[in-house]
Amino acid sequence: METLAIEDTRDRVDARRVLDAIPEDQEATLEVHVGKDEGGEIFLSPELTRIVLRTLSALADGGTVSIRAVPEVLSTTEAARTLGISRPTLMKMVRGGEIRATKVGTHTRLRNDDVLEFRAKREEDRAHAFMELRRLEDELDERHSTAG
């Protein structure tokens, strides 16, 4: 794994300038110039553009970025780490059918895509639950203020 951080303030300012140059109501496209000659332009795909912009955003804000290659198939330890849960909790979820897994001999393996999809769904469910809690709190506040 490689960890990146910007030490030079000028680089942080340049990263912020790139981000500020993109209109908020427009999907960004990035063009990379390779070498010094004309014709060395490469337009990045929307997915690569998103990755570059998220990286620039973190670095412009003074953060660090860690980059590592993730295998297509994960061990239960790697999957649990990705989900931010313990391995025993992950194994309960696998046994309960909450997340897909396969057996390779005696070892349980999970596809990285399945783990990331599960994580995204959990985050979405948490956000919905939080919004519902806020709605109920607002409703209770409203009832309390009209009752008094």
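The values are calculated or read from the model by the stated rules, or taken from the named source; none is laboratory data. Just so it is clear, the structure is predicted and the values come from calculations on it, not from any experiment. Cβ coordinates were reconstructed from backbone atoms using ideal geometry, including for glycine residues, and neighbour counts include every protein chain displayed. Surface areas here come from the heavy atoms of the whole protein model, side chains and all, with no ligands, DNA or RNA. Shrake-Rupley method; radii C 1.70, N 1.55, O 1.52, S 1.80 Å.
Of all the numbered requirements in (1) in contact (Cβ under 8 Å) with a residue 12 or more places away in the chain; (2) over 22 Å from Thr3 (Cβ atoms); (3) open to solvent by 60 Å² or more (accessible area, probe 1.4 Å), Thr146 misses one, and that requirement is (1). Thr49 falls short on exactly one of the conditions (1) surrounded by 15 or more Cβ atoms within 10 Å (Cβ to Cβ); (2) in contact (Cβ under 8 Å) with a residue 24 or more places away in the chain; (3) more than 14 Å from the chain's Cα centre (by Cα), and that condition is (2). Could you check, for region 41-57, whether at least one of its residues is hydroxyl-bearing (Ser, Thr, Tyr), touching a Lys or Arg at 6+ places or on another chain (Cβ under 9 Å) and more than 20 Å from Asp11 (Cβ to Cβ)? So far as region 41-57 goes, no, none of its residues is hydroxyl-bearing (Ser, Thr, Tyr), touching a Lys or Arg at 6+ places or on another chain (Cβ under 9 Å) and more than 20 Å from Asp11 (Cβ to Cβ).
Rundown of residues vs (1) hydroxyl-bearing (Ser, Thr, Tyr); (2) under 24 Å from the mean Cα position of the chain (by Cα); (3) open to solvent by 60 Å² or more (accessible area, probe 1.4 Å), yes/no style:
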{"site": "Val73", "(1), (2), (3)": "no, yes, yes"}
{"site": "Thr82", "(1), (2), (3)": "yes, yes, no"}
{"site": "Leu90", "(1), (2), (3)": "no, yes, no"}
{"site": "Met93", "(1), (2), (3)": "no, yes, no"}
{"site": "Ala101", "(1), (2), (3)": "no, yes, no"}
{"site": "Phe130", "(1), (2), (3)": "no, yes, yes"}
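Among the criteria (1) closer than 27 Å to Val70 by Cα; (2) in contact (Cβ under 8 Å) with a residue 24 or more places away in the chain; (3) open to solvent by less than 80 Å² (accessible area, probe 1.4 Å), the one Thr3 does not fulfil is (3).
Only residues that are under 16 Å from Arg119 (Cβ atoms) and touching a His at 6+ places or on another chain (Cβ under 6 Å) were counted across region 40-91, and they come to 0.
Filtering region 103-122 to residues that are open to solvent by less than 90 Å² (accessible area, probe 1.4 Å) and of a type outside the set (D, E, K, R) leaves Val104, Gly105, Thr108, Leu110, Asn112, Val115, Leu116, Phe118, Ala120. Which of the residues spanning region 11-33 are under 23 Å from Thr64 (Cβ atoms) and in a loop (DSSP other than H, G, I, E, B)? Result: Ile22, Ala28, Leu30. Taken over region 53-69, the criterion of being open to solvent by 40 Å² or more (accessible area, probe 1.4 Å), free of Cβ contacts under 8 Å to residues at least 24 places away in the same chain and small (Gly, Ala, Ser) is satisfied by Ala69 alone. Listed by first and then second residue, the pairs linking a residue in region 9-26 that is in contact (Cβ under 8 Å) with a residue 24 or more places away in the chain to a residue that is exposed (fewer than 14 other Cβ atoms within 10 Å of the Cβ) and assigned to a loop (DSSP other than H, G, I, E, B), with Cβ atoms under 8 Å apart and 6 or more places separating them unless they lie on different chains, are Arg12/Gly62.
Going through (1) surrounded by fewer than 12 Cβ atoms within 10 Å (Cβ to Cβ); (2) more than 27 Å from Pro23 (Cβ to Cβ); (3) more than 17 Å from the chain's Cα centre (by Cα); (4) in contact (Cβ under 8 Å) with a residue 24 or more places away in the chain one by one, Gly97 falls short only on (4).
For region 34-59, filtered to residues that are hydrophobic (A, V, I, L, M, F, W, C) and touching a Ser or Thr at 6+ places or on another chain (Cβ under 9 Å), the residue that is farthest from Val70 (Cα to Cα) is Phe43.
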